[in-house]
Amino acid sequence: MATIPPVAPRPAAKSAERYKPFLYILLGIALGVLGTFAVSYGAKGLKAYNDPAAVFLRHNRSGDSKIVETASGLQYKVLKAGTGAAKPTDEDVVLVNYEGKLTSGTTFDASQQPTPMAVKGVVPGFSEGLKLMNKGAKYRFWIPPTLGYGDKAAGPIPANSVLVFDLELLDWKSEAEIRQMQMMQQMMQQQGAGGAAPAAPGAGAHPGR
């Protein structure tokens, strides 16, 4: 007649029971640390998400399918296409017409005539925008505070402002070409040539850093 073998004792289970309180303590500490991190990071993320500039830019882009946003956060819309494939670089001086406004519609700066400015002599968002354009193009840019004046006020521009620019790119030359033209002009003046040649565009800085 078969017999049922006795059940072997399980000392390992009893051993595990002794460590349960310690495991619960470690688990509680880990959850506490993760919870604190989540609350801290979540508060910062929520604040950034609800920042007025971020809210404006988010709604601005979603409200117009023709608005493009670059990896840096710069937004732009092509108002008039230019010609040719060439575009300015950091080493160029451009000739532009522009108007700068706040999101309220208040104009804080505008060119009265074609204005020269160095591509690398302006705020990052304006510089990035210039390098997207080809000759004759007209764009509208929305520059986030991080690519503009940040948390610092600049004259009529409050801190943390989104800058709205209508920008027309008329022409550009390299800084080296301009220096050469200026040197030639100076030589002609020194030699007493009749009538000075028109001044070459200078390296202006509107809107400056």
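The values are calculated or read from the model by the stated rules, or taken from the named source; none is laboratory data. Keep in mind that what you see is a predicted model, and the values were worked out from it rather than measured. Neighbour counts are summed over all protein chains in view; Cβ atoms, including those assigned to glycine, are modelled from backbone coordinates with ideal geometry. To get the accessible areas, we keep the full protein, side chains included, count just its heavy atoms, and leave off ligands, DNA and RNA. Shrake-Rupley method; radii C 1.70, N 1.55, O 1.52, S 1.80 Å.
Return yes when T146 is among the polar types (S, T, N, Q) and either under 17 Å from Y76 (Cβ atoms) or touching a helix residue (DSSP H, G or I) at 6+ places or on another chain (Cβ under 6 Å) (or both) and no when it is not. Can you show your working first?
Details: among the polar types (S, T, N, Q): yes; either under 17 Å from Y76 (Cβ atoms) or touching a helix residue (DSSP H, G or I) at 6+ places or on another chain (Cβ under 6 Å) (or both): yes.
So T146 fits the description; yes.
Is there any pair linking a residue in segment 81-94 that is under 20 Å from G125 (Cα atoms) and in contact (Cβ under 8 Å) with a residue 12 or more places away in the chain to one that is among the acidic types (D, E) and outside any loop (DSSP other than H, G, I, E, B), with Cβ under 8 Å and at least six apart or on different chains, and which?
Correct list of pairs: E91/E175; D92/E175; V93/E175; V94/D171.
Does segment 51-66 contain at least one residue that is over 11 Å from V162 (Cβ atoms) and either touching a helix residue (DSSP H, G or I) at 6+ places or on another chain (Cβ under 8 Å) or at pLDDT below 65 (or both)?
No, there is no match, as no residue in segment 51-66 is over 11 Å from V162 (Cβ atoms) and either touching a helix residue (DSSP H, G or I) at 6+ places or on another chain (Cβ under 8 Å) or at pLDDT below 65 (or both).
Is it fair to say S161 is more than 26 Å from T89 (Cβ to Cβ), at pLDDT 95 or above and either hydroxyl-bearing (S, T, Y) or assigned to a strand (DSSP E or B) (or both)?
Working: more than 26 Å from T89 (Cβ to Cβ): yes; at pLDDT 95 or above: yes; either hydroxyl-bearing (S, T, Y) or assigned to a strand (DSSP E or B) (or both): yes.
Answer is yes for this residue.
Can you tell me which residue in segment 78-91 is least open to solvent (accessible area, probe 1.4 Å), limited to those that are more than 13 Å from L170 (Cα to Cα) and of a type in the set (D, E, K, R)?
Across segment 78-91, the extreme among qualifying residues is D90.
Can you name the strands (runs of 3 or more DSSP E) wholly within segment 104-154 that have at least 1 residues being in contact with a Phe, Trp or Tyr (Cβ under 6 Å, 6 or more places away or on another chain) and touching a residue at least 12 places away in the same chain (Cβ under 8 Å)? Walk me through how you get there before you give the answer.
On the way: elements: 107-110, 115-118, 138-143.
The strands (runs of 3 or more DSSP E) meeting that bar are 138-143.
Name the single residue, out of those in segment 147-178 being touching a Ser or Thr at 6+ places or on another chain (Cβ under 9 Å) and surrounded by fewer than 16 Cβ atoms within 10 Å (Cβ to Cβ), that is nearest to T103 (Cα to Cα).
Selected residue: P156.
Residues in segment 75-98 that are out of contact with any helix residue (DSSP H, G or I) (no Cβ under 9 Å at 6 or more places or on another chain), part of a loop (DSSP other than H, G, I, E, B) and closer than 22 Å to I178 by Cβ: how many? Steps first, please.
Start the filter on segment 75-98 by keeping residues that are out of contact with any helix residue (DSSP H, G or I) (no Cβ under 9 Å at 6 or more places or on another chain), which leaves 77-86, 95, 97.
Narrowing further to those that are part of a loop (DSSP other than H, G, I, E, B): 81-82, 84-86.
Adding the requirement that they be closer than 22 Å to I178 by Cβ leaves 82, 84, 86.
So the answer is 3.
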